[in-house]
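Report on one structure; see the data block that follows.
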Amino acid sequence: QAETIYHATGNLAEEGNVISLFGDEAIHRTRYEEAKAFYLKSMALSQAASDQSRTANRLQDLGIVAEFEGKNQDAERYFRQSNQLYEALGQEDRAAIVRCRLGRTLFREGHIDQGASMQKDALARMSSIGRRMQVFQARSDLIRSEMVHNAGSAEVLARENIELSKTISQAASVGGRYAFADLAETETMQGKLEEAREAIAQAFAPGVNSVPKDLLPALLLSRGYVSMSGRDYSKANADFQRSRILTQS
């Protein structure tokens, strides 16, 4: 109804904004092609209305769709364009958020050093802005990159996220679990298996049934990695298989 009214009154900017919500809803249903079509239509309306901020938003959304589809080069292109617009508009907080995603995409493409550099920049920007939840996410992304070259540095970052999660209500349980899983992996990479087992136990405390469903596959992978490193292959295989099944479902 809202789209119909905005279309009838020629309000291109708000019509485009409403259509973007259809794209969001399609993503939640994992209908990525449908989401992409909505975002492209929304972006065209935003461009026609000279709404640069929402154009940057839609470019970021298109990058997210490409991420979900595993199309990393497309994701990189959209994120770079979105970042350029946010920078030109002086929207530092949004630029930092999209740079986090760009850094993650570069990492997935195998550009480890470029990705880490982008992630460090995004983390510094987030820290200066003071958005703690985004700081947590940016640091979590950087941990994955640091694991490649410096597990000790990654461990320090994971411990910082554990402390930060205690100060953020929405991250206290979910974020804390993720941070402990990151810590377990960094300790495993350094051969600290006993410490890693304690950390992964914290990630699952007080039990697997209380772990959010969307977080469980990642935690299972971390626990499986710890078990595998300790040569408990049966337990590792069980966690890997369950993570795969949950991801596919």
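The values are calculated or read from the model by the stated rules, or taken from the named source; none is laboratory data. Predicted, not measured: the structure shown is a model, and the values here were computed from it. Positions of Cβ are generated from backbone atoms using ideal geometry, with glycine treated the same way; all protein chains shown enter the neighbour counts. Just so you know, the surface numbers come from the protein's heavy atoms only, side chains and all, with ligands and any DNA or RNA stripped out. Shrake-Rupley method; radii C 1.70, N 1.55, O 1.52, S 1.80 Å.
Output the qualifying pairs, or none if there are none: Cβ atoms under 7 angstrom, residues six or more apart or on different chains, first residue in segment 154-170 and more than 14 Å from ASP141 (Cα to Cα), second residue open to solvent by 80 Å² or more (accessible area, probe 1.4 Å) and of a type in the set (D, E, K, R).
LEU164/ARG132; THR167/ARG132; ILE168/ARG132
Sort out which residues of segment 143-156 are of a type outside the set (Asp, Glu) and surrounded by 23 or more Cβ atoms within 10 Å (Cβ to Cβ), and write them in order of number.
Within segment 143-156, ILE143, SER145, ALA154 qualify.
Looking at LEU21, LEU62, LEU12, LEU40, can you tell me which residue is under 23 Å from GLY90 (Cβ atoms) and of a type outside the set (Asp, Glu)?
LEU62 is the lone residue from the list that is under 23 Å from GLY90 (Cβ atoms) and of a type outside the set (Asp, Glu).
(1) open to solvent by 20 Å² or more (accessible area, probe 1.4 Å); (2) touching a residue at least 12 places away in the same chain (Cβ under 8 Å); (3) not charged (D, E, K, R): which one isn't true of VAL98, the others all being true?
Only one criterion in (1) open to solvent by 20 Å² or more (accessible area, probe 1.4 Å); (2) touching a residue at least 12 places away in the same chain (Cβ under 8 Å); (3) not charged (D, E, K, R) is unmet by VAL98, namely (1).
Among the residues of segment 119-137 satisfying the criterion of being of a type in the set (Lys, Arg) and assigned to a helix (DSSP H, G or I), which is most open to solvent (accessible area, probe 1.4 Å)?
ARG132
Report every pair of residues separated by at least 6 positions or lying on different chains whose Cβ atoms are under 9 Å apart, first residue within segment 73-95 and open to solvent by 70 Å² or more (accessible area, probe 1.4 Å), second among the charged types (D, E, K, R).
Cβ pairs passing all conditions: GLN73/GLU109; GLU92/ARG125.
Scanning for something crowded, with 22+ Cβ neighbours inside 10 Å, under 13 Å from the mean Cα position of the chain (by Cα) and modelled with pLDDT of 90 or more, does segment 183-198 turn up at least one residue?
no
Filter segment 101-118 for residues that are part of a helix (DSSP H, G or I) and open to solvent by 70 Å² or more (accessible area, probe 1.4 Å) and give the result.
ARG108, ASP113, GLN114, SER117
For segment 41-63, how many residues meet the condition of being over 20 Å from the mean Cα position of the chain (by Cα) and either crowded, with 19+ Cβ neighbours inside 10 Å or over 20 Å from LEU102 (Cα atoms) (or both)?
Adding up the residues that qualify gives 13.
I'm trying to understand the selection: among the residues of segment 209-249, which are of a type in the set (Val, Ile, Thr), in contact with a helix residue (DSSP H, G or I) (Cβ under 7 Å, 6 or more places away or on another chain) and surrounded by fewer than 16 Cβ atoms within 10 Å (Cβ to Cβ)?
THR247
Taking SER140 and the conditions (1) at pLDDT below 95; (2) over 30 Å from ARG29 (Cβ atoms); (3) surrounded by 17 or more Cβ atoms within 10 Å (Cβ to Cβ); (4) of a type in the set (S, T, N, Q), which numbered condition does it fall short on, given that it satisfies the others?
(2)
Here is a list: ASP239, ASP214, ASP232, ASP182. Which entry is in contact (Cβ under 8 Å) with a residue 40 or more places away in the chain and acidic (Asp, Glu)?
None of the others qualify; the one that does is ASP182.
I'd like to know if segment 33-40 contains one or more residues that are in contact (Cβ under 8 Å) with a residue 24 or more places away in the chain, under 23 Å from the mean Cα position of the chain (by Cα) and closer than 20 Å to ALA122 by Cβ.
Within segment 33-40, none of the residues are in contact (Cβ under 8 Å) with a residue 24 or more places away in the chain, under 23 Å from the mean Cα position of the chain (by Cα) and closer than 20 Å to ALA122 by Cβ.
Take the residues in segment 2-17 that are more than 23 Å from ASP61 (Cα to Cα) and of a type outside the set (Val, Ile, Thr), then tell me which one is most open to solvent (accessible area, probe 1.4 Å).
ALA8
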